[in-house]
Amino acid sequence: SGESGAGKTESTKLLLQHIMNLCKGNSQLEQQILQVNPLLEAFGNAQTVMNDNSSRFGKYIQLRFQNNTVRGAKLSEYLLEKSRVVQQDTGERNFHIFYYMFAGLSSEEKEMYGLLDPSLYRYISGRFGTEDVAQRWKQKYQEVCNALDMVGFQEQEQVDMQAILAGVLSLGNVTFEPQESNASLKVSEASRGWLKAAAVISLHAVFPTLRALHCVTLVLCADARDSIAKVAYGRVFGWIVCKINELLAENVDPEVELREIGILDIFGFENFAVNRFEQLCINLANEQLQHFFNHHIFQLEQAAYREEELPWETITFSNNEPILNLLLAKPLGLLSLLDEQSAFPQATDKTFVDKLNSSFKGNLHFQPGRGRVLGFSIIHYAGKVQYTAGGFLEKNRDTLPANVRGLFINSVTPLLSVLFIPHELGPSLAKVKCGDEALLWFAGLLIFRCPHQHSLMVLMERMYSANPHFVRCIKPNSQKEPGVVDSQMLLQQLQYNGLLETIRIRRDGFSWRPSFEEFAER
């Protein structure tokens, strides 16, 4: 754990390499496991103002062992930031894979996928790099292709995947204009070429697509277009994870008990100039991890000393339970109120904020918004974060236009049609409105379910029952510069993470604990 840009993903990669090396094997499975990270980074990471290679999802990697040999692996992913596909703030980029494709595909391949000059695309507009950067992206694209081959993706699957990504970019350039015959809107004449490109590549035909995007207002049209792009990308990402799990599953007798090491690499705490719904979810996940750390390091540790009747002076720590209660309590926690407001068709982001202001009046960890921007602030364990409330209800509902799902099922791209067939997604998902992802709130975290994916509740249960080791990553400076140490920034992280108290409990406590049998034997 640690702030965004503190080095969590790099540490995870080094840890995986170290564990594979300790296995002293050189099996194909070990090489496949090492290739999983660069693959996921391409599709799940992006440049932000805090980090040039920021994980925009959380991942939990389970390594399964028999006699100190790795026999299989499983990956769970959480909370992919799908909104990044259609919108990025100043100084930020879309997911890496889009840039890698432009830099790495040949002219013939670009023509096959209908890709033109990258500067033309609204979803990545004005964010293409210099010649040096493009060269680096070209190399990264080759690494992604190698990783796809190594992990075991078929050639046609790779072609389909890139066709969908190209279709998503073309769809982003579709605009709308009023119809002369009635009050509704239609796809503008100027952007029909883009719609055709998206439809030919990813959807079955142009005209059903046109009908599906006929809406009453410009905002609804744009939302429908962006929903299609976000859902398509999210499904591709989920499919990649599920495919990886199929390929890395252990092939052993079910009776054999396997030992397991799990590595959780989750998005870091974020505080941007503009913080949205996604930042709230990310920061809540970090609040939960901090609470888990406190529980394990301070509460359990000191309880053991008291039980043993050891002379011990209690060490106090900053308990973030009140913040979790503010966010997660039922029925009056922030996320319960958000769910309640999302259920009312007439509710708006303003009515949601009004509800928060009245419900949390006097709460030490909540502050109403000031000025013209609709929002509120939460005093997190890592400091105060001001959230912009615009879009909260829409993102919480996360709906897909009902008449759009059929387009995906009828797609000429085999992969895309498979991703949207209800029985492929399990019986529970088939019942959900317009086949969109089932939305589950566990501890306030939005999880997009796909087959084989664990909920965060299962993850937290597993963590509480395991023997955890904490790797706290500390960010040296906020300029993304090597060799620069900002002492004040370091101290701030040590303080809010509770690391100064941790050092004290480790120094004053009992860090080495042999069992009685070990002690007697010795």
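The values are calculated or read from the model by the stated rules, or taken from the named source; none is laboratory data. On a predicted model such as this, the values are computed, not experimentally measured, just so you know. Positions of Cβ are generated from backbone atoms using ideal geometry, with glycine treated the same way; all protein chains shown enter the neighbour counts. Note: accessible area is taken over every heavy atom of the protein model, side chains too, but ligands, DNA and RNA are not part of it. Shrake-Rupley method; radii C 1.70, N 1.55, O 1.52, S 1.80 Å.
Under 19 Å of direct C-alpha separation, and excluding same-chain neighbours fewer than eight residues apart, Lys110 reaches these lysines: Lys138, Lys140, Lys196. When Arg192, Arg370 are compared by accessible surface with a 1.4 Å probe, the order from highest to lowest is Arg370, Arg192. Nonpolar atom fraction for region 243-391, defined as the carbon and sulfur part of the 1.4 Å probe accessible area, stands at 51 percent.
Only alpha carbons enter this Debye calculation for region 227-267, each as an equal point scatterer, and the log10 of I(q)/I(0) it gives at q = 0.14, 0.19, 0.34 Å⁻¹ is -0.55, -0.80, -1.05. Bridging of Lys8 to lysines at a Cα separation below 17 Å is possible for Lys59, Lys475, Lys480, once same-chain residues fewer than 8 apart are set aside.
Applying both filters, DSSP loop and at most 12 other Cβ atoms within 10 Å, to the GluC sites (Glu not before Pro) of region 271-363 gives Glu308, Glu309, Glu313. For region 464-507, applying the loop criterion from DSSP together with a ceiling of 13 other beta carbons within 10 Å to the chymotrypsin sites (Phe, Trp or Tyr not before Pro) yields Phe470. Only protein heavy atoms count here; on that basis, with a 1.4 Å probe, Asp486 has an accessible area of about 60 Å². In a reduced charge model with +1 at each Lys and Arg Cβ and -1 at each Asp and Glu Cβ, region 1-141 shows a dipole moment near 560 debye about its Cα centre.
Derived value for region 265-393: Kirkwood hydrodynamic radius 16.2 Å. Basis is the mean of 1/r over every pair of different alpha-carbon atoms. Judged by the mean number of other Cβ atoms found within 10 Å, the most tightly packed of the peptides 136-149, 79-92 leads the ranking 79-92, 136-149.
A 1.4 Å probe over all protein chains sorts Ser181, Ser336 by accessible area into Ser181, Ser336, starting with the largest. What does the C-alpha gyration tensor say about the overall shape of region 472-517? Classify as rounded when a/c is under 1.5, otherwise prolate if a/b is larger than b/c, or oblate. Here region 472-517 falls in the prolate category.
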